[in-house]
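Chemist: One structure follows; several queries about it will come next.
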Amino acid sequence: MTRKLEGNVNEYQDERTIQRIIRTAHTVAVVGLSPNVLRSSNFVGYYLQRRGYTVVPINPRETEVLGQKSYAGLQDVPFPIDVVDVFRAPDAVPEIAEAAASVGAKALWLQFGVISPEGAQAAADAGLDVVMDRCMKVEHARHMGRMHWLGFRTGTITSRRLPF
């Protein structure tokens, strides 16, 4: 069955999908991971590593980022990938989505500002979960880190931790 996902970015921001991805993923391939500590891709990759995810740099210009071997493309990674987290221009996303599907990734995550309905549709058609215009680090912190203790987007402000 083909899921029809068009135009509206909100369709790619389903809370249950986001939670399922961050709770079940183990390996995150970060496309466009920069060695520059001032870049958001580096900060997100570092955060995810510190939270127990295996971060796989995808950057053809680098040999190593965050202490991990960097690969030129998704097809070069010799082990399974759960999530492909994209820090690239939107016009690169359809090709990345096809590569993510061909390597058997379970999800395509497009960071803030990376909005590509075509790429999202290609990934969805291949059976991948899709998140668009959201930050994996922010969503992890909101659902699994300390942000949810403060009541961010939970609808409740309390000093007691709510069960998920």
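The values are calculated or read from the model by the stated rules, or taken from the named source; none is laboratory data. Because the structure is a prediction, the values reported are computed rather than measured. Neighbour counts run over all protein chains shown; Cβ positions are idealised from the backbone, glycine included.
Chemist: Given the structure, is Ser34 in contact with a Ser or Thr (Cβ under 6 Å, 6 or more places away or on another chain) and either touching a residue at least 60 places away in the same chain (Cβ under 8 Å) or surrounded by 19 or more Cβ atoms within 10 Å (Cβ to Cβ) (or both)?
Modeler: yes
Chemist: Among the residues in the stretch 42-60, are any small (Gly, Ala, Ser), in contact with a Ser or Thr (Cβ under 7 Å, 6 or more places away or on another chain), surrounded by 14 or more Cβ atoms within 10 Å (Cβ to Cβ) and modelled with pLDDT of 95 or more? Show your work before the answer.
Modeler: Looking only at the stretch 42-60, we keep the residues that are small (Gly, Ala, Ser), and these are 45, 52.
With the extra rule that they be in contact with a Ser or Thr (Cβ under 7 Å, 6 or more places away or on another chain), the set shrinks to none.
Within the stretch 42-60, not a single residue is small (Gly, Ala, Ser), in contact with a Ser or Thr (Cβ under 7 Å, 6 or more places away or on another chain), surrounded by 14 or more Cβ atoms within 10 Å (Cβ to Cβ) and modelled with pLDDT of 95 or more.
Conditions tested, residue by residue: (1) under 18 Å from Pro35 (Cα atoms); (2) in contact with an Asp or Glu (Cβ under 7 Å, 6 or more places away or on another chain).
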site	(1), (2)
Arg61	yes, no
Glu64	yes, no
Ser70	yes, yes
Val77	no, no
Ala92	no, no
Ala99	no, no
Leu108	no, no
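Chemist: Further question: Can you find a residue that is closer than 17 Å to Glu139 by Cβ and part of a loop (DSSP other than H, G, I, E, B) anywhere in the stretch 1-13?
Modeler: Initial filter on the stretch 1-13 (closer than 17 Å to Glu139 by Cβ): 9-13.
Remaining after also requiring part of a loop (DSSP other than H, G, I, E, B): 13.
Yes, because at least one residue in the stretch 1-13 is closer than 17 Å to Glu139 by Cβ and part of a loop (DSSP other than H, G, I, E, B).
Chemist: Assess whether Phe87 counts as being touching a residue at least 40 places away in the same chain (Cβ under 8 Å) and exposed (fewer than 13 other Cβ atoms within 10 Å of the Cβ).
Modeler: On the way: touching a residue at least 40 places away in the same chain (Cβ under 8 Å): yes; exposed (fewer than 13 other Cβ atoms within 10 Å of the Cβ): no.
Against the criterion (touching a residue at least 40 places away in the same chain (Cβ under 8 Å) and exposed (fewer than 13 other Cβ atoms within 10 Å of the Cβ)), Phe87 does not qualify.
Chemist: Can you tell me which residue is farthest from Glu15 (Cα to Cα) among those in the stretch 95-115 that are of a type in the set (A, V, I, L, M) and part of a helix (DSSP H, G or I)?
Modeler: Quick first cut of the stretch 95-115, residues of a type in the set (A, V, I, L, M) only: 96-97, 99-101, 103, 105, 107-108, 110, 114-115.
Of the ones still in play, those that are also part of a helix (DSSP H, G or I) are 96-97, 99-101.
Values: Ile96: 23, Ala97: 21, Ala99: 25, Ala100: 22, Ala101: 22 Å.
Checked the stretch 95-115; the qualifying residue farthest from Glu15 (Cα to Cα) is Ala99.
Chemist: So how many residues does the stretch 82-105 have that are of a type in the set (A, V, I, L, M) and out of contact with any helix residue (DSSP H, G or I) (no Cβ under 7 Å at 6 or more places or on another chain)?
Modeler: So in the stretch 82-105, the residues of a type in the set (A, V, I, L, M) come out as 83-84, 86, 89, 92-93, 96-97, 99-101, 103, 105.
From the residues that got through so far, the ones that are out of contact with any helix residue (DSSP H, G or I) (no Cβ under 7 Å at 6 or more places or on another chain) too are 89, 92, 105.
Selection size over the stretch 82-105: 3.
Chemist: May I ask you to list the residues in the stretch 47-73 that are closer than 11 Å to Val28 by Cα and among the hydrophobic types (A, V, I, L, M, F, W, C)? Outline the logic, then answer.
Modeler: Here is the first cut: in the stretch 47-73, the ones closer than 11 Å to Val28 by Cα are 48-49, 52-58.
Residues satisfying the conditions are Leu48, Val55, Val56, Ile58.
Chemist: Looking only at residues that are of a type outside the set (A, V, I, L, M, F, W, C) and within 14 Å of the chain's Cα centre (by Cα) in the stretch 96-115, which one is farthest from Thr27 (Cα to Cα)? Don't jump to the end; show me each part of the working.
Modeler: Just the residues of the stretch 96-115 that are of a type outside the set (A, V, I, L, M, F, W, C), to begin with: 98, 102, 104, 106, 111, 113.
Now drop any that are not within 14 Å of the chain's Cα centre (by Cα), which leaves 106, 111, 113.
Details: Lys106: 10, Gln111: 17, Gly113: 23 Å.
Looking at residues that are of a type outside the set (A, V, I, L, M, F, W, C) and within 14 Å of the chain's Cα centre (by Cα), I get Gly113.
Chemist: I'm checking my understanding of the structure. Among residues of the stretch 116-147 that are within 13 Å of the chain's Cα centre (by Cα) and in a loop (DSSP other than H, G, I, E, B), which one is surrounded by the fewest Cβ atoms within 10 Å (Cβ to Cβ)?
Modeler: Asp133
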